[in-house]
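Structure, as structure tokens:
The values are calculated or read from the model by the stated rules, or taken from the named source; none is laboratory data. Because the structure is predicted, anything quoted here is derived from the model rather than measured. Every residue, glycine among them, receives a Cβ derived from its backbone with ideal geometry; neighbour counts consider all protein chains shown. Only protein heavy atoms, including side chains, enter the accessible area calculation; ligands, DNA and RNA are left aside. Shrake-Rupley method; radii C 1.70, N 1.55, O 1.52, S 1.80 Å.
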Amino acid sequence: MSVQEYLDKHMLSRKIEDAVNAAVRAKTPDPVLFISNHMKKAVSSVITKVKARQILDSRGIPTVEVELYTNKGVFRASVPCGDSTGMYEAVELRDGDKGTYLGNAVTKAVKNINEKISEALVGMDPTVQLQIDQAMIDLDKTEKKSELGANAILAVSIAACRAGAAEKEVPLYKHIADLSGKTNAILPVPAFTVISGGKHSGNSLPVQDIMILPTGAVRFEEALQMGSETYHHLKAVITEKYGANGCNVGEDGGFVPDISRQVLPLCLTIFVFHIIDQCTLPLTPVREGLDIVREAIGRTGYNDKIKIGIGVAATEFCIGTKYDLEFKSPNKSGQNFKSGEDMIQMYKELCNDYPIASIEDPFDKEDWEHSKRFCGLGLCQVVGDDLLMSNPKRIERAIHESTCNSLLLKINQIGTVTEAVDVVKMAKEAHWGVVVSQRFGETNDCFIADLAVALGAGQIKAGAPCRGERVAKYNQ
């Protein structure tokens, strides 16, 4: 093709003339810069290169970061990592060489991006998110994205989404809202982790985390203030009752007080409280954790505006059909197992005694029967995490069987922006709640904040109002 033929094909002479005329009309002091910017807008953006690298997440474990290039700029994304991968979720691709990062390196995923995904996407319009995501799914050819790696695919998907927003010259959340067909963005209620337990902490609290939800806040700014103030009051409560060491924080910023060691003043205080309250239940680690959170809320004066949430992660302590709430206790008897019915009764009593608005994974991921029975009581929001794993088939089953009434969305469990949008639509159509969630291995990428707003999720769980990779989401 000759130069003249190239110019004619792309109508460059006409576009340059239009740019010059626009500069004249605008009476710009810098016509060269004006014409350059005008030409950028006149030319549709395409993906020109995708470059990946290995970085570390908040736990010091490798993850994938991507820079996606278009003729409008460079757009970066990094992906979070879960503590473990369930059998129903998309697969993170790791090298497996125990001599390098204990087997957790992601150089294979990085290579797949640089050599395979980049080649497939170069030349594509970044605004067509569905086509970009589908191209990667087709390239992978596996159900769980195990060939290229869900971590590789998701990093590129998020970077492309940012490039698409830039091409349309709109904020990221508006672009995602357009992709989902939503018109009204909604700021979510933050679910702040304030106490960490489960297998992520060294205390005897069996549940994974205790959260606070400022449901009475009028604006997100007010909710953030409530969360921060309560968090710092809780720090004071823990210092008084457990000592300064109790204020160490877990992977997502929640405090990890030594709940297993009950000092005398705390025992007496709670004993008297329960007698006055005519509660016949003995003090347990769960109640002990809830008590100190409630005390912290009381010190803020936000009693009527803050609810409590519990992330149980019951799969972690389910043995067969029984639940071992003492699985972390140094003095466990090995005989104090609870049945599904016992667990339902325990949750009923907790909901009666504390302002609990939400419980995540109250039962094992395969205990559909008891989850359905508890959800049917209508005592609180029942969130499916391990139960669902953001998997469309399991979400469809849970909707059909009324097993829970809210989805915990973890985008790396599904692998692309498009698929995340689709499962949220499923949940919304079933009149479920949606909680957009962090992972334990996070980065400073705050994509999930824009995602939560764009999809009208209503709730976001990004950890404590502490640690940079958690606060980045709330600040966004």
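Only one entry in LEU407, LEU388, LEU451 is assigned to a helix (DSSP H, G or I) and open to solvent by less than 10 Å² (accessible area, probe 1.4 Å), namely LEU451.
Number of residues in region 342-377 that are among the charged types (D, E, K, R), buried (at least 18 other Cβ atoms within 10 Å of the Cβ) and outside any loop (DSSP other than H, G, I, E, B) equals 1.
Does region 49-93 hold any residues that are in a strand (DSSP E or B), under 21 Å from ASP140 (Cα atoms), touching a Leu at 6+ places or on another chain (Cβ under 9 Å) and open to solvent by 40 Å² or more (accessible area, probe 1.4 Å), and which are they? Those that are in a strand (DSSP E or B), under 21 Å from ASP140 (Cα atoms), touching a Leu at 6+ places or on another chain (Cβ under 9 Å) and open to solvent by 40 Å² or more (accessible area, probe 1.4 Å): LYS49, LYS51. Count of region 285-314 residues, restricted to those that are open to solvent by less than 30 Å² (accessible area, probe 1.4 Å) and either within 28 Å of ASP367 (Cα to Cα) or small (Gly, Ala, Ser) (or both), is 13.
Output the residues belonging to region 351-365 that are of a type in the set (Phe, Trp, Tyr) and in contact (Cβ under 8 Å) with a residue 60 or more places away in the chain.
Going residue by residue through region 351-365, those that are of a type in the set (Phe, Trp, Tyr) are 354, 363.
Within region 351-365, just TYR354 meets the criteria.
So if I check each of SER146, SER118, which one is open to solvent by less than 20 Å² (accessible area, probe 1.4 Å), assigned by the TED database to the domain that holds VAL74 and polar (S, T, N, Q)? Before you say what the answer is, go through the steps one by one.
Values: SER146 fails: open to solvent by less than 20 Å² (accessible area, probe 1.4 Å).
Result of the check over SER146, SER118: SER118.
Scanning region 191-212 for residues that are hydrophobic (A, V, I, L, M, F, W, C) and open to solvent by 10 Å² or more (accessible area, probe 1.4 Å) gives no hits. Does any residue of region 253-260 turn out to be open to solvent by 40 Å² or more (accessible area, probe 1.4 Å) and under 16 Å from ASP291 (Cα atoms)? Yes: one or more hits.
The set of residues from region 413-430 being among the polar types (S, T, N, Q), crowded, with 24+ Cβ neighbours inside 10 Å and in a helix (DSSP H, G or I) comprises just one member, GLN413.
Quick test for you: out of ALA90, ALA191, ALA152, ALA109, pick the one residue that is in contact with a Gly (Cβ under 7 Å, 6 or more places away or on another chain), modelled with pLDDT of 95 or more, under 24 Å from LEU408 (Cα atoms) and of a type in the set (Gly, Ala, Ser). Spell out the reasoning first.
Numbers: ALA90 fails: modelled with pLDDT of 95 or more; ALA152 fails: in contact with a Gly (Cβ under 7 Å, 6 or more places away or on another chain); ALA109 fails: under 24 Å from LEU408 (Cα atoms).
It is ALA191.
Listed by position, the helices (runs of 4 or more DSSP H) contained in region 99-145 that have at least 2 residues being of a type in the set (Val, Ile, Thr) are 107-112, 129-140.
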